[in-house]
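Visitor: Pasting in a structure now, in structure tokens, and then I'll have a few things to ask.
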Amino acid sequence: MQHRTEKNARVKDRIKAIILSDMGWTYLKIAEALLIDDETVSRHITEYIEEKKLTLESGGSESKLDSVQSEELIKHLEDNLYTTILEICSYVEKKYKVKYTIAGMTSWMHLHRFSYKKPKETPAKANAEEQKKFIKKYTELMRNTPENEPIEFGDGVHLILATKVSYGWIRTAIEKPISTTALRTRVNMMESLNLETMDVIIDPYETIINSIAVSEHFKKLKLKYPDAPKIHLILDRDPYNTSLATQEVAKDYGITLHYLPPYIPNLNSIERLWKVMNEHVRNNKFFASAKEFRTSIMNFFKITWHTIAGDMVDRINDNFQTLKSVL
């Protein structure tokens with residue numbers, strides 16, 4: 001074995017990195033074991049896969065896949081989602097008659113800027129044309145609406161007490177336990193947001209959101225803008241938002257309802273506010289009781305939001321992104 005006869009410590013590290021990678025070790029784990037950085041590990045393995053390089057000198061054989069094949073594979077991987085490296089190895093062997101080890105293909109993937117991560121969740125029924133129509137309509141609304149007619153984004157949510165486990169920085173090889181609960185207690189809220197002022201109206205309810213809850217929210221909107229000749233409220237198409245009762249109450253309070261296209265939460269700016277709230281209140285947090293859960297959420301909107309709202313304009317705004325259908 002070359003490792004046993006090799007005298008250069010750097011070459012021995014290179015050989016160890018390749019062997020450990022072939023055994024399934026991650027780059028970070030190899031880096032820790034050899035006391036080198038993970039980028040060096042990646043370079044060692046990539047150079048071996050692409051050039052059969054074990055020494056410190058330059059030189060070696062060419063990549064298993066030529067440039068045309070590599071470009072074809074990159075395009076294929078961009079269009080198709082694989083969950084394991086083994087599946088990719090099988091595809092390459094079948095398509096190009098070239099055999100890679102799992103470690104070798106992993107190195108190839110890193111070399112060509114692929115990483116193992118979650119795909120972006122996208123509503124299956126996302127309609128690009130309907131999104132464009134709404135954005136055009138919204139742009140016209142912003143351009144033509146008088147300054148004394150406020151525009152708000154509204155939403156009803158049902159937050160679950162169960163611990164919301166999320167990503168966080170954890171030291172390598174250290175397990176970070178997060179307490180969880182099986183309780184399914186919900187906090188039901190109706191909320192609306194004015195992007196110009198970043199003011200929020202929020203109403204918690206003991207029961208699920210319905211037309212009565214939405215009507216109560218309309219009343220608070222009218223109290224917030226008593227002199228406004230008209231209030232514009234953008235909502236999704238949940239039944240309690242589109243019901244005849246809701247529409248009649250909206251007219252009574254001088255509120256014009258504007259509905260989002262179906263299955264398109266990305267066009268409701270208030271969804272971004274929920275994300276910020278989760279970051280401050282819910283992510284990786286354990287709540288011992290429903291009361292503690294409700295209090296933490298309400299304190300965010302009553303206290304925390306007023307201190308951070310001015311810094312949130314880059315995240316919570318009407319810079320909409322159009323979702324492409326995945327069907």
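Visitor: Out of the residues in region 302-327 that are in a helix (DSSP H, G or I) and open to solvent by less than 30 Å² (accessible area, probe 1.4 Å), state the one that is farthest from residue 156 (Cα to Cα).
Guide: The residue in question is 308.
Visitor: Just give me the residues in region 266-301 being open to solvent by less than 60 Å² (accessible area, probe 1.4 Å), of a type outside the set (Val, Ile, Thr), in contact (Cβ under 8 Å) with a residue 12 or more places away in the chain and farther than 22 Å from residue 221 by Cα, in sequence order.
Guide: Result: 266, 278, 282, 283, 284, 287, 290, 293, 296.
Visitor: OK, next. Restricting to region 244-265, count the residues that are open to solvent by less than 30 Å² (accessible area, probe 1.4 Å) and without any contact (Cβ under 8 Å) to a residue 60 or more places away in the chain.
Guide: 4
Visitor: Determine whether residue 126 is open to solvent by less than 50 Å² (accessible area, probe 1.4 Å), modelled with pLDDT under 85 and part of a helix (DSSP H, G or I).
Guide: no
Visitor: Restricting to region 205-230, count the residues that are open to solvent by less than 80 Å² (accessible area, probe 1.4 Å) and either in a helix (DSSP H, G or I) or touching a Cys at 6+ places or on another chain (Cβ under 7 Å) (or both).
Guide: Residues meeting the conditions: 9.
Visitor: Sticking with this structure for a sec: Among the residues that make up region 40-47, is at least one of them at pLDDT 80 or above, surrounded by fewer than 14 Cβ atoms within 10 Å (Cβ to Cβ) and assigned to a helix (DSSP H, G or I)?
Guide: No, region 40-47 contains no residue that is at pLDDT 80 or above, surrounded by fewer than 14 Cβ atoms within 10 Å (Cβ to Cβ) and assigned to a helix (DSSP H, G or I).
The values are calculated or read from the model by the stated rules, or taken from the named source; none is laboratory data. A quick note: this is a predicted structure, and the numbers were derived from the prediction, not measured. We place every Cβ from the backbone using ideal geometry, glycine too, and count neighbours over all the protein chains shown. Calculation scope for accessible area: heavy atoms of the full protein, side chains included, ligands and nucleic acids excluded. Shrake-Rupley method; radii C 1.70, N 1.55, O 1.52, S 1.80 Å.
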